[in-house]
Amino acid sequence: MGDLLFEGAEWTFDTLRRCHDAAAEVASNVLGLDTYPNQIEVISAEQMLDAYSSIGMPLFYRHWSFGKHFARNEGLYRAGMQGLAYEIVINSNPCLSYVMEENTAMMQTLVIAHAAFGHNHFFKNNYLFKQWTDADGILDYLEFAKSYISQCEERYGEAAVESLLDAAHALMSHGVHRYPRRRPADLRSEQRRERDRRAHEEAMYNDLWRTVPRGKAAAGDNRVEERRRALLQLPQENILYFLEKSAPRLAPWQREVLRIVRQIAQYFYPQGQTKVMNEGCATYVHYRIMTHLHEHGRLTDGAWMEFLHSHTNVVFQPEYDDRRYSGINPYALGYAMMEDIARIVRTPTDEDRAWFPDIAGTGDEMAVLRDVWANYRDESFILQFLSPKLIRQMRIFDVLDDANEPEMRVMAIHDERGYRRIQRALAKQYDVAWTTPDIQVADVNLAGDRRLILHHRALNRVLLDEGDTRLVLQHLADLWGYDVLLKEVDPGNEAVLKEHAASPRGNILRQDALI
């Protein structure tokens, strides 16, 4: 039995150090976690609200939307209508965790266990984060980005930079490479490489426009056409990347701002695909650490009861007919699946052995969980490990809501075929191929009016929202500098289902006198 880490709700920085060291010992020696070094920062409620507003990043450039979010969240918080996160954690090396100074000593211990060890281990080891993020360089890159955009505001005016960021943010979800091309960018070297990159891109840009066909002799030259498409890298799924490299009327500083926005979008890309797993991992880790500390006399019974109250709230899942229901709670599903995997490894039933022969009864739940955390994303994780027992326990079923049918139909119940169908249906909700529209730059008429043509491959013939499409397409036209046409295409037969068009708004992004 060990000495108590604290008594009561009050804490000091020495308390935080003791809690961190105790959690680190359990994380390493009991759970076998592999983490980045930790850096714990204590912030006020107002600073937490500020971090909320700038998508949780410690260093970020200014934008009016962040102030808007701050005002909204502060109003709700002060009125008692909205709480605050107990922590924010940054995927960086060292791993940066922000904790609120208003937290009790128990809550600080919980937050450290959850963020500084659970999320930290997941960030460092999951394959998506290894492929897509540079934890070593993100903080330095954010500092460079903030400084660069501030210099642009001083030189070109806040209005010009704000308009550019508005357009870039509108396209941020289409500013990522969905498939690995090479190792993640070395973000620490971005500032050093900015001038070299600009010179290279200008040379490539000039080479591209030399391929524009001239006259009848070149009209049928397939080699020129192939070279043009190769230089443009068409078709191109990363719209911000295409604009950064090929938009004919953007200044070098505007291209660099687009690059900054898409680098940050790419940094967040894995987080959108691992919400259930990431939170499930962190919640499972904090429960194991806090349980171990209590069992070994490091936490009082009062602190343990306070922890259970908070933990239960985090993993609470309202029923589908509850007024509080707003979908599946990722903490609830993730934690339940981690606990269920541990159960299958330790004490499997015959059903578990039939469904999960590779892990059932193997005995070392942490080895299995560490492997799962490293090698899956939400969609594949649910498809592989959602068990019939958990489906029954959480009362999950599949309902078809077809606009052409007068009533909803239950498509899957709790039987052999139903379990498989529920697995597939739930996994699909976390698959980026289904949740994010497939929009690609298809072609551009360099020899004529320079109109940019995009295709949206409308999965199941589901079309884009008319209002949102019009607004985003306008931003795209402003960045491109010429007309833009978006065709919604049926992937089955290539039939055009609908077209949207936009023209640039004069000098919204043109700062010709300053370039």
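Laboratory data are not the source of any read-out in this text; all were calculated from the coordinates shown. Quick caveat: nothing in here was measured; it's all calculated off a predicted structure. Cβ coordinates were reconstructed from backbone atoms using ideal geometry, including for glycine residues, and neighbour counts include every protein chain displayed.
Binning every alpha carbon pair distance of segment 315-433 at 10 Å from zero, what are the percents per bin? The distribution over segment 315-433 is 13, 41, 34, 10, 2, 0, given as percents. Here the Karplus curve 6.51 cos²θ - 1.76 cosθ + 1.60, taken at θ = phi - 60°, turns the phi angles of segment 112-122 into couplings of 5, 5, 6, 8, 6, 10, x, 4, 4, 4, 5 Hz, with x standing for Gly and Pro.
Where nothing but the Cβ of Lys and Arg (+1) and of Asp and Glu (-1) is charged, how large is the charge dipole of segment 315-433 around its Cα centre, in debye to the nearest 20? Each step should come with its number before you reach the end.
Details: 16 positive and 22 negative charges, 29 e Å.
In debye, rounded to 20, segment 315-433 gives about 140.
In this structure, residue 364 and residue 384 have a Cβ-Cβ separation that, at R0 = 25 Å, corresponds to a calculated FRET efficiency of about 0.85.
In terms of the Cα gyration tensor, with a ≥ b ≥ c the square roots of its eigenvalues, is segment 224-346 rounded because a/c is under 1.5, prolate because a/b exceeds b/c, or oblate? Because a/c hits 1.5 or more and a/b exceeds b/c, segment 224-346 counts as prolate. As a length-normalised measure over Cα pairs under 8 Å and 6 or more apart, the relative contact order of segment 437-502 settles at 32 percent. Equivalent-ellipsoid semi-axes for segment 437-502 (Cα gyration tensor, √(5λ), whole Å, largest first): 20, 14, 8.
Which order do peptides 115-126, 165-176, 290-301, 319-330 fall in by mean Cβ count within 10 Å, highest first? It would help to have the intermediate numbers written out before the result.
Numbers: 115-126: 25.3, 165-176: 20.8, 290-301: 17.6, 319-330: 11.1.
Put in order of decreasing packing, that is 115-126, 165-176, 290-301, 319-330.
Close amide H partners of residue 497, meaning residues 5 or more places away or on another chain with modelled amide H under 5 Å apart, are 488, 489, 490. The H on the amide N of residue 41, modeled in the peptide plane, is under 5 Å from the matching H of 97, 98, 99, each at least 5 residues off or on a different chain. Calculated FRET efficiency, residue 432 to residue 3, Cβ-Cβ distance, R0 = 56 Å: about 0.70 to the nearest 0.05. Rounded to whole numbers, the Karplus 3J(HN,Hα) couplings from phi for segment 289-301 are 5, 5, 4, 4, 5, 5, 5, 9, x, 8, 10, 6, 4 Hz, using 6.51 cos²θ - 1.76 cosθ + 1.60 with θ = phi - 60°, and x at Gly and Pro. Backbone geometry of segment 440-454 corresponds, through the Karplus equation with coefficients 6.51, -1.76 and 1.60 at θ = phi - 60°, to 3J(HN,Hα) couplings of 10, 6, 8, 6, 8, 8, 5, 7, x, 8, 6, 5, 8, 10, 10 Hz, x marking Gly and Pro.
What ranking, highest mean first, results for peptides 25-38, 367-380 when packing means the other Cβ atoms within 10 Å averaged over each residue?
My ranking of the peptides, most packed first, is 367-380, 25-38.
Highest-first packing order for the peptide set 134-145, 456-467, 344-355 is 134-145, 344-355, 456-467, based on the mean count of other beta carbon atoms within 10 Å.
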